[in-house]
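The values are calculated or read from the model by the stated rules, or taken from the named source; none is laboratory data. Note that the structure is a prediction, hence the values are computed from the model and not measured. Note that we place each Cβ from the backbone using ideal geometry, even for glycine, and neighbour counts take in every protein chain shown. To get the accessible areas, we keep the full protein, side chains included, count just its heavy atoms, and leave off ligands, DNA and RNA. Shrake-Rupley method; radii C 1.70, N 1.55, O 1.52, S 1.80 Å.
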Amino acid sequence: MIKLEILAIGAHPDDVELSCGATMAKEAANGKKTGILDLTRGELGTRGTPEIRHQEATAAAKILKVSIRENLAMRDGFFEITEENLLAIVQVIRKYRPEVVLTNAIDDRHPDHARGSELSSRAC
C-alpha cells in the first residue's frame, strides 16, 4: 500500500488538473507521493464521453506523475452528502493516509464542486 503525502479530491475528472495540477506536478517532481480521487466519471459533461474523460484522466495522471488515481463513480450532477458517499471517501483517506488533502472550492458556481468539497472536508 502507498502512503500519500498529498491527495487531491475533485468532483469530476479534470477538476484537479484545472485547480491544482501544477501543484501536484511540482510536488511529485520534488519526490512527494501524490494521488487523485475523482468523485464522479463526469458523465454529464458537454465535452466528451465518460470513456474519453477516463482516457484523458489516465493520461493526465501520467503527466502529473501521481502515484494513484481512483474514481468513486458517484452520479455526476446528482450525488448528495450521504453516509454512503461520506464513507466511500473516508475509506480512500484511510487507505492512503495523506498528510494533505486538496479539494474543490467550498463556494463555487458548480453545485457538484461545493458538495464534493463538503463531503471531502467532512471525510477528513
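Observations on the model:
- Number of residues in the stretch 29-39 that are among the aliphatic types (A, V, I, L, M) and in contact (Cβ under 8 Å) with a residue 60 or more places away in the chain: the value is 1.
- Single residue of the stretch 96-110 satisfying the filter (of a type in the set (A, V, I, L, M, F, W, C) and either modelled with pLDDT under 95 or open to solvent by 90 Å² or more (accessible area, probe 1.4 Å) (or both)) that is farthest from CYS20 (Cα to Cα): ILE106
- The residues of the stretch 106-124 that are without any contact (Cβ under 8 Å) to a residue 40 or more places away in the chain and in contact with a helix residue (DSSP H, G or I) (Cβ under 8 Å, 6 or more places away or on another chain), listed by number, are ILE106, ASP107, ASP108, ALA123, CYS124.
- Applying a threshold of 6 Å to beta carbon distances and a minimum spacing of six or more residues, or different chains, the list of pairs starting in the stretch 1-28 at a residue that is farther than 22 Å from ARG41 by Cα and ending at one that is assigned to a strand (DSSP E or B) and of a type in the set (Gly, Ala, Ser) reads LEU4/GLY35.
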